[in-house]
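The values are calculated or read from the model by the stated rules, or taken from the named source; none is laboratory data. Just so it is clear, the structure is predicted and the values come from calculations on it, not from any experiment. Using ideal geometry, Cβ is built from the backbone for each residue, glycine included, and neighbour counts are taken over all protein chains shown. Side chains included, ligands, DNA and RNA excluded: accessible areas come from the protein's heavy atoms. Shrake-Rupley method; radii C 1.70, N 1.55, O 1.52, S 1.80 Å.
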Amino acid sequence: MCGENDSWDKPGPPFQVFGNTYYVGTCGIASILITGDQGHVLIDGGTERGGELVEANITALGFDINDVAILLHSHEHYDHVGGLAYLQARSGGRVIASVRAAPVLRSGIVADDDPQARMHEPFPGVVVAATVSDGEPVKLGALTLTAIETPGHSPGALSWTWASCESEQCRYIAYLDSLSPVSRNNYRFSDDPDYLAAYRASLTTLVDIRCDVVLTPHPVASDMHRRLSEPTGLLDQAGCRNYVDRIERRLERRVSEERESALTR
């Protein structure tokens, strides 16, 4: 079983979210599989070690890693994309990335303009087959996922939305990026007004998307494990708004603290 504070590489049981959408990540890091008749789409691959755990969960659900045709990402940090190289090698799938994240995924080195630049060790690079822009759909057979550029936690971050159907009932799934204001010690969001404006715009955009189920790269950020134990499960039409509200409060508190600190220098 998984708990609220489990490690990133702790194996966790895969499960069906709704319809053709499945959770195949670890206890601490999400990876989402969307299955289709002409191949499957996988979002995020966990850490470098986590890639094997994601593959094991895909297999445990009865799916074949070789049917994963497209690999996508949330944000370009090692804990979410470190396993993509392994999964790309195992599946032969095409990696599609945001324009800002593509060079990072190829090199395995976080960009200099990332708030977390130089905080982490490099991760294995991948072959990026194509890039995707804000509002652009990624299609595979009958599957359609829409990319939403949500810079903030990283410059190249993406959130994703799609519909999953079951017994003629469809739910809108939203995989929202982490968006938490985490950075290296000497970085200040308030020192980069353009980046901060884009960060705030990301949050504004996500408030109004169609959202019946919210999933996040760190499951604890959206209370996934707790919600699974409730009668309504992951279904929560206020989930996206509540998630954005929590992140917005964290960001504004961080900016306020930065400005107060500047005044006392």
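Quick look at the values:
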| item | result |
| --- | --- |
| Charged-residue dipole, Cβ positions (Lys, Arg, Asp, Glu), the chain about Cα centre, Debye nearest 20 | 260 debye |
| Exposure ranking of T150, T144 by accessible area [1.4 Å probe, largest first] | T144, T150 |
| Amide H within-cut-off set for V132, under 5 Å, with H built and near neighbours excluded | A97, S98, V99 |
| Rounded tilt (10° steps) of 193-207 against the dominant C-alpha axis of the chain | 40 degrees |
| From phi via Karplus (6.51, -1.76, 1.60), per-residue ³J(HN,Hα) for region 136-141 in Hz, x at Gly/Pro | 7, x, 10, 10, 8, x |
| Sparse-neighbour loop sites [trypsin sites (Lys or Arg not before Pro); region 106-162; at most 13 other C-beta within 10 Å; DSSP] | R118 |
| Nearest 10 degrees, 0 to 90: helix 50-60 Cα axis against the chain principal axis | 30 degrees |
| Between region 87-125 and region 192-251, the Cα center-to-center distance that results, in Å | 24 Å |
| Residues A238 and E121, FRET efficiency given R0 of 30 Å [Cβ-Cβ distance, rounded to 0.05] | 0.20 |
| Along each principal axis, Cα extent of the chain, largest first, Å | 59, 41, 35 |
| Percent accessible area from carbon and sulfur atoms, region 164-258, protein chains only, probe 1.4 Å | 45 percent |
| Tensor-based shape of region 128-245 (alpha-carbon gyration tensor, a/c under 1.5 rounded, otherwise prolate or oblate) | oblate |
| In Hz, Karplus ³J(HN,Hα) per residue of region 14-25 (6.51, -1.76, 1.60; θ = phi - 60°; x = Gly, Pro) | x, 7, 7, 7, 5, x, 9, 10, 10, 8, 10, x |
| Ranking by accessible area, most exposed first, for E121, E4 with a 1.4 Å probe | E121, E4 |
| GNM result for the chain, Cα springs below 10 Å: residue of S107, S74, S167 fluctuating most strongly | S167 |
| Positive-end extreme of charge dipole, the chain - chosen from A142, G239, Y23 (charges on Cβ) | G239 |
| Cα gyration tensor category, rounded, prolate or oblate, for region 1-153 with a/c compared to 1.5 | oblate |
| Gain on full stretching of the segment that runs from F15 to E257 - 0.36 nm per residue minus C-alpha separation | 83.1 nm |
| Helix 239-263 axis, angle to the chain major axis (alpha carbon atoms, nearest 10°) | 20 degrees |
| Simple Cβ-charge dipole of region 87-212, Lys/Arg +1 and Asp/Glu -1, about Cα centre, in debye nearest 20 | 360 debye |
| Estimated 222 nm signal from helices in the chain, with DSSP H stretches of n ≥ 4 weighted -39500 (n - 2.57), rounded to 500 | -8500 deg cm²/dmol |
| Linear extension gain, S190 paired with D64, 0.36 nm per residue minus alpha-carbon span | 40.7 nm |
| Accessible area (Å², per residue) of the chain, counting only protein heavy atoms and a probe of 1.4 Å | 44 Å² |
